[in-house]
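Trainee: This structure is in structure tokens; I'll ask about it shortly.
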Amino acid sequence: MSQASPPPAASGVAAPSAPAVPATPATPAIPAIPADAFAPGRRWRHGVVVGISAALGVALYGAGLRGDALSVAVIVTLCLGYWATGWLPDFLVSLLLMFLLAAGTSLGADVVFSGFTSGAFWLVFSGAVIGMALAVTGLGERVARQLAAHCGHAYGLALAGFVAIAFVLSLVMPSTLGRIAILVPIVLSFCDRVGFAADRPGRTGLLLATALASCELSSAILPANLPNLVMAGSAETVLGIRLGYAEYALAFVPALAVVRGVVLVVVAMWMFPDRLSAADLTATQARGDATRAMSAAERRLLGALALMLGLWFTEPWHHVSAGWVGLGVALLCLGPLRLVNLDAFLKQVKLAPLWFVAAIIGLTAAVDHAGLADALRPALAHLDLAQMSAIPAYLVLVALSIALMFAVTSNAAPALFTPLVPALAQGVGAAAPLGVKTVLLTQAVGISTIVLPYQAPPLILAMALAGIGLRDATRFCAATAALSLVTVLPINALWWRAIGLM
């Protein structure tokens, strides 16, 4: 993970009352592949990615897929191949995706470039502004100092603390994007506080564990993320089933929050091992003793954050999305509140993360508008579970929901899975039947198992804000998903048996 050198903190805030804390960059560029990606010795890589995409296209054509659905499937496979392998810079792959979708399909610019009009795109921008404001005013360092006093004595304790904070925030903040926009700058400040520099594996582990916890653990709380809301809304509309907050939490918190949280901590400690040395602890303690009064800039920023959180909490009443609220607060920080120097921000901000987020959102929209999900429905509706007992059927349904995530990402998977529930429930063996509600709920287990970063758009936001490399994020997601398959799935099944869902 790389970070650009920050500008002097004094240029980012108007007349602070105490020495400014050095700014931690909020949006460093996602690490790029060397410029010789097309060197003669590396051209075979492009042949592999193109060949796999072409072979899939031929197979799908033979299966009857035609038109934009076929084109989108091939284009998405090609770009996902480059994103997964890192054989081309992420920025270049993002442009390639938008070019191929615009030139090779009839979807139109409003679909292909829909990422630029999405609130998530502008949350990346506003997150960069707010993150820089937290750094240059010293408010982020102040919060990090308090966290360091409680969690900064051991790497494992810090991991567990931030994972727990991410889950607790999901109880009160119903936006995964919002939680990430707030947490990532605080984690960055904490890492600086305890001596986890940009080249320390502990920094990467803390950022990835916190980001993935924000995405996955919220699946245990009904209104905490978009896939849950899509599932609940579709269930009420299509199936006439209304999911309750308490019954949903009872079904999922033990496995999807507690056990999965432990998985995130264990994998982070294994893949990104680190420890706080005696020198780190001494320096942390020394900095903790240097308390100071809150500056005027910090108070202005605290008021802006309180306004932002208040507007996020009251979104059901004013109907202004989190992205536009974040953009408004970012403009306050850049303008009348005088918290971030505009010239310093323009020199520091990187465009690559913004294009990456726009491309991922455009990919999701293209899959939806091309009808790729509809093309899958006939095959899925004929899935035969009649000869299976409850546990094998449960595993097949979870596998199905995980597979759908590869095709349509986590946000769209519930809209495809939920209408299939009646047909899937009828196919379960009579000897140990799964009820319609149980079949419905199995998708949450799969959708909360993120195998690749693109499957969870909020994770892409976290990567952009923290400068997390795609390779590190992919390895971490794949490892946590693999461990979850042998821990979360069976423990959840046992819990469901205990409470009567299976």
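Trainee: Output the residues belonging to region 80-129 that are among the aliphatic types (A, V, I, L, M) and surrounded by fewer than 18 Cβ atoms within 10 Å (Cβ to Cβ).
Mentor: Selection gives 84, 92, 95, 96, 102, 103, 109.
Trainee: Among the residues of region 187-223, write down those that are β-branched (Val, Ile, Thr) and surrounded by fewer than 24 Cβ atoms within 10 Å (Cβ to Cβ).
Mentor: Within region 187-223, just 221 meets the criteria.
Trainee: Would you mind finding the one in 213, 197 that is under 22 Å from residue 127 (Cα atoms), at pLDDT 80 or above and part of a helix (DSSP H, G or I)?
Mentor: Working: 197 fails: part of a helix (DSSP H, G or I).
Checking each option against the conditions leaves just 213.
Trainee: Follow-up question, since we're still on this one. State whether one or more residues within region 224-241 are in contact with a helix residue (DSSP H, G or I) (Cβ under 9 Å, 6 or more places away or on another chain), closer than 25 Å to residue 178 by Cβ, hydroxyl-bearing (Ser, Thr, Tyr) and open to solvent by less than 10 Å² (accessible area, probe 1.4 Å).
Mentor: no
Trainee: Test of understanding: among 123, 101, 97, 92, which residue is modelled with pLDDT of 85 or more, closer than 30 Å to residue 203 by Cα and assigned to a helix (DSSP H, G or I)?
Mentor: Result: 92 is the single residue among 123, 101, 97, 92 that is modelled with pLDDT of 85 or more, closer than 30 Å to residue 203 by Cα and assigned to a helix (DSSP H, G or I).
Trainee: For region 316-349, how many residues are under 18 Å from residue 133 (Cα atoms), modelled with pLDDT under 80 and open to solvent by 70 Å² or more (accessible area, probe 1.4 Å)?
Mentor: The total comes to 2.
Trainee: Quick check: anything in region 66-80 outside the structural domain of residue 370 (by the TED database), farther than 30 Å from residue 189 by Cβ, at pLDDT 85 or above and assigned to a loop (DSSP other than H, G, I, E, B)?
Mentor: Among the residues of region 66-80, at least one is outside the structural domain of residue 370 (by the TED database), farther than 30 Å from residue 189 by Cβ, at pLDDT 85 or above and assigned to a loop (DSSP other than H, G, I, E, B), which makes the answer yes.
The values are calculated or read from the model by the stated rules, or taken from the named source; none is laboratory data. Since this is a predicted model, take the numbers as computed values, not measurements. Note: ideal-geometry Cβ built from the backbone for every residue, glycine included; neighbour counts use all protein chains shown. Only protein heavy atoms, including side chains, enter the accessible area calculation; ligands, DNA and RNA are left aside. Shrake-Rupley method; radii C 1.70, N 1.55, O 1.52, S 1.80 Å.
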